[in-house]
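Novice: Here it is, the structure in full.
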Amino acid sequence: MAYNLLKGKKGIIFGALDENSIAWKTAERVHEEGGTFVLTNAPIAMRMGQIKDLATKTNSEIIPADATNEEDLQNLVEKSMEILGGKLDFVLHSIGMSVNVRKGRAYTDEKYDFTAKGWDVSALSFHKVMQSLFKADAMNEWGSIVALTYMAAQRTFPDYNDMADNKAYLESVARSFGYFFGKEKKVRVNTISQSPTPTTAGQGVKGFGGFISYAEKMSPLGNASAADCADYTISLFSDLTKKVTMQNLFHDGGFSNTGVSQEVIDVFTE
Ligand SMILES: NC(=O)c1ccc[n+]([C@@H]2O[C@H](COP(=O)([O-])OP(=O)(O)OC[C@H]3O[C@@H](n4cnc5c(N)ncnc54)[C@H](O)[C@@H]3O)[C@@H](O)[C@H]2O)c1
């Protein structure tokens, strides 16, 4: 169901790789709610992904940008304002990648070049995106910036590897930049801590099948899907959440506050 919550609002959506991506589902929902946007992804991902189909479906333009490259980001912000005809109301940062995870390096055997690259892509890029927006004065008052994170920032999930550290940094950047964006521009900045979700990035985590089933059994409401996450993100882009900022918001069916569930007890009861 659509509520016209984003009518007249303009933004940038990072990270739609394929139709499983959280950013893809969010772009579809933003479009349904009357928002307009520019889609962006790393040039290397654009060749693999089907982002053009999404652009056609949502009447959007695509501007390639590597989120670790400041020049790309400046160009993206400038061109987006030109295309959309003014300042922005929302930005979604839905980006993550660990080279150590990709190359099968354990947390106790990190290759630090890989660590640095993964940190740049997954965590520092959020600062770079916000600094580009801030310096260009590209956000309208009461705009909203959201990034996606995972609970491994607070609790250890061994196979999440160095992404746990990246997410802790990302969440801290949301708080720190959220202060300045709030004070100086009346813009809110939050992270959504999402359930495990079957996407390209999600499935890169070792043992993802067990991970997602465990979370499903531990969550009183069950895991939140990518479509559920899109709905929640829409609410944070809308005018209904104007005073929510500098928060890490758990969107996980209750997983983060559950000690144990009956279903998990049953597995261990003979
Ligand atoms: N899938 C999960 O289980 C899960 C759970 C919690 C949080 N998240 C987070 O959600 C976000 C989106 O991931 P997803 O699950 O939709 O997977 P996804 O693989 O569909 O999206 C990740 C995106 O990051 C993009 N990306 C990688 N390097 C980039 C770069 N240098 N510049 C610009 N973009 C780049 C990829 O091209 C891709 O579009 C990530 O931050 C991820 O960590 C995912």
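The values are calculated or read from the model by the stated rules, or taken from the named source; none is laboratory data. Predicted, not measured: the structure shown is a model, and the values here were computed from it. Note that each Cβ is placed from the backbone with ideal geometry, even for glycine, and that neighbours are counted across all protein chains shown.
Novice: State whether one or more residues within the range 160-173 are touching a strand residue (DSSP E or B) at 6+ places or on another chain (Cβ under 8 Å) and charged (D, E, K, R).
Specialist: yes
Novice: Can you tell me which residue within the range 163-184, out of those that are of a type in the set (A, V, I, L, M, F, W, C) and more than 19 Å from Ser132 (Cβ to Cβ), is surrounded by the most Cβ atoms within 10 Å (Cβ to Cβ)? Explain how you work it out, then say what you get.
Specialist: Taking the range 163-184 as the starting set, the residues that turn out to be of a type in the set (A, V, I, L, M, F, W, C) are 163-164, 168, 170, 173-174, 177, 180-181.
Okay, now just the ones that are also more than 19 Å from Ser132 (Cβ to Cβ), so 163-164, 168.
Working: Met163: 28, Ala164: 20, Ala168: 15.
Here the residue is Met163.
Novice: May I ask you to say which residue of Ala226, Ala215 is touching a Ser or Thr at 6+ places or on another chain (Cβ under 8 Å), in contact (Cβ under 8 Å) with a residue 12 or more places away in the chain and within 16 Å of Thr26 (Cβ to Cβ)?
Specialist: On the way: Ala215 fails: within 16 Å of Thr26 (Cβ to Cβ).
Every option except Ala226 fails the conditions.
Every residue, every condition in (1) at pLDDT below 95; (2) in a helix (DSSP H, G or I); (3) surrounded by fewer than 21 Cβ atoms within 10 Å (Cβ to Cβ); (4) within 16 Å of the ligand (Cβ to nearest atom), yes or no:
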{"site": "Ala2", "(1), (2), (3), (4)": "yes, no, yes, no"}
{"site": "Leu5", "(1), (2), (3), (4)": "no, no, yes, no"}
{"site": "Ala23", "(1), (2), (3), (4)": "no, yes, no, yes"}
{"site": "Thr26", "(1), (2), (3), (4)": "no, yes, no, yes"}
{"site": "Ala65", "(1), (2), (3), (4)": "no, no, no, yes"}
{"site": "Thr68", "(1), (2), (3), (4)": "no, no, yes, yes"}
{"site": "Asp72", "(1), (2), (3), (4)": "no, yes, yes, yes"}
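Novice: Residues to consider are Thr40, Thr56; find the one that is β-branched (Val, Ile, Thr) and surrounded by fewer than 23 Cβ atoms within 10 Å (Cβ to Cβ).
Specialist: Thr56
Novice: Where in the range 154-270 are there helices (runs of 4 or more DSSP H), lying wholly inside it, with at least 1 residues that are more than 13 Å from the ligand (Cβ to nearest atom) and out of contact with any Pro (no Cβ under 9 Å at 6 or more places or on another chain)?
Specialist: Correct list: 163-185, 208-218, 226-237, 262-268.
Novice: Also, I was wondering about something else. Just to be sure I understand, how many residues within the range 77-108 are farther than 20 Å from Ser238 by Cβ and within 13 Å of the ligand (Cβ to nearest atom)?
Specialist: The qualifying residues number 7.
Novice: Tell me, please, whether a residue that is within 11 Å of the ligand (Cβ to nearest atom), in a helix (DSSP H, G or I), under 26 Å from Gly35 (Cβ atoms) and in contact (Cβ under 8 Å) with a residue 40 or more places away in the chain can be found in the range 128-144.
Specialist: Yes: one or more hits.
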